[in-house]
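The next block holds one structure in the form of structure tokens; read it before the comments.
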Amino acid sequence: MRDEPGRRASNGDRLTRAFSAPARAVSRLVSGIGLGADEASAIPAQAGARRDAIVDCAIYDNQGRRLPSGGDYREALTQAKRTPGAFVWLGLHAPDADQMAGIAEAYDLHELAVEDVVSAGQRPKLEQFGDVHFLVLRTARYVEHQELTENSEVVETGQIMLFIGPDFVISVRHGNACRLKPVREHLESRPELLRQGPWAVAYGVLDHVVDLYVLAADGIGNDVDVLEEAVFSRDSSGRMQRIYQLKRELVEFKRAALPLQRPLQAMLSDTPEITKELRKYFRDVQDHLARVVEQVGSYDDLLISIMQARLAQVSVDQNNDMRKIAAYAGMAAAWTAITGVYGMNFEFMPELHMRYGYPITMAFALAVSYGIYRSFRRSGWL
């Protein structure tokens, strides 16, 4: 399942007041979807009450341990601010504008980032709004299949967005290509990482996303190997369609993995909030991503070579077919020439009144055809 690219609204007043207060930004977002003033004023309270988009809301202290909380994201942020070194991890799944309105107000999120979260379909990027960083990732998961066909879905994509503040991190997931429950469980089993703060969560999410990239790249590599072997086999039904389908899925995978290099480099070079201890983990993720990018490039080149080889093979097969047709036509021409001569209505013709003239003529035509057949066999036409 792929996310369709979202379109950002082109309201002139909204863009000219891009750095206004987040509360007014949320009101403009709500009014932009057609709600009245009374309904818009009630949105924050309703968003706080609606919990269908909230997957989990947890508080972690400065030792990386999860603290008991009531689950309300407003109270969780208040409790985290009262505890030095604590932070909130709020997990969301495909929230709409109504559900994001109250969260944006409580966590002081910028309107442009909130709009990106609602619309989804964004390119991987890292932006900073005050002391809050906004990280966008595209997720990709390899879809297992018994056989590659012209309609096979090889890569399922989605999106994850992270708001990373001084005392909170908000993860927003679109699609099912990358679930974050394993990330939370893994980080909670390693409190020495969680004590590094919200950026430890960013590392955990990045590491999990890139690990899925590695698995997807390995799976695509197996499919490329299968196609490469099949191209030179005798059965060629539907092969070009399968090559094109895999190349199309590879392009979708490239859109997810390749653009992530720039925001990851920016985190390592231009983000002082990341501690020295965490940077080595981010560099490890960068190494894994570089490996995936190299694999994707090699697969792309190999698929182009396979496609060109298949096209050349089709041309060779067509030439072979034409040569066979020409060879059989040559054998038929011998019969046509012989029978054509004896089909003429002349009274005085050699062997016309011989008792064994017909079998002799047939035997002669067979001998000529066999000689032509042997000649074409030696030359490789048959």
| said: What are the ³J(HN,Hα) couplings of region 316-321, residue after residue, when phi is run through the Karplus curve with 6.51, -1.76, 1.60 and θ = phi - 60°? Round to Hz, x for glycine and proline. | reply: 5, 4, 5, 5, 4, 5
| said: So if I take the centroid of the Cα atoms in region 284-315 and the same for region 159-237, what is the distance between those two points in Å? | reply: 21
| task | Just the Kirkwood number for region 165-217, please: inverse of mean 1/r across all distinct Cα pairs, in Å, one decimal. | result | 11.8
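Given 25 °C and 0.890 mPa s, how large is the Stokes-Einstein diffusion coefficient of region 149-280 in µm²/s, with Rh as the Kirkwood radius over Cα pairs? Don't skip to the end; give the middle numbers.
Numbers: Rh = 17.2 Å.
For the chosen part, D equals 143 µm²/s.
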| query | What ranking, highest mean first, results for peptides 112-125, 278-291 when packing means the other Cβ atoms within 10 Å averaged over each residue? | reply | 112-125, 278-291
| message | Given R₀ = 51 Å, what would the calculated FRET efficiency be for Glu127 paired with Val226, taking r from the Cβ atoms and rounding to 0.05? | response | 0.80
| said: Under 5 Å between amide hydrogens, which residues at least 5 positions from Gly64 or on another chain qualify, with H placed 1.01 Å from N in the peptide plane? | reply: Arg195
| field | Amide H within-cut-off set for Gly121, under 5 Å, with H built and near neighbours excluded | value | Gly6
| query | Over region 174-276, what is the mean sequence separation of C-alpha contacts under 8 Å (at least six apart), divided by residue count, expressed as relative contact order in percent? | reply | 22
| request: Work from the charge dipole of region 116-246 (Cβ charges, +1 for Lys and Arg, -1 for Asp and Glu, about the Cα centre) and give the residue of Trp199, Leu148, Leu180 farthest towards its positive end. | output: Trp199
| remark: Between Val55 and residues 5 or more places away or on another chain, the pairs with built amide H atoms under 5 Å apart involve Gly91, Leu92, His93
| How large is the convex hull of the Cα atoms of region 83-214 per residue, expressed in Å³ as a whole number? | 120
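Read the figures in this text as sums done on the coordinates, not as results from a lab. Here the structure is a predicted model, which means the values were calculated and not measured. Please note: Cβ atoms are built from the backbone with ideal geometry, for glycine as well, and neighbour counts cover all protein chains shown.
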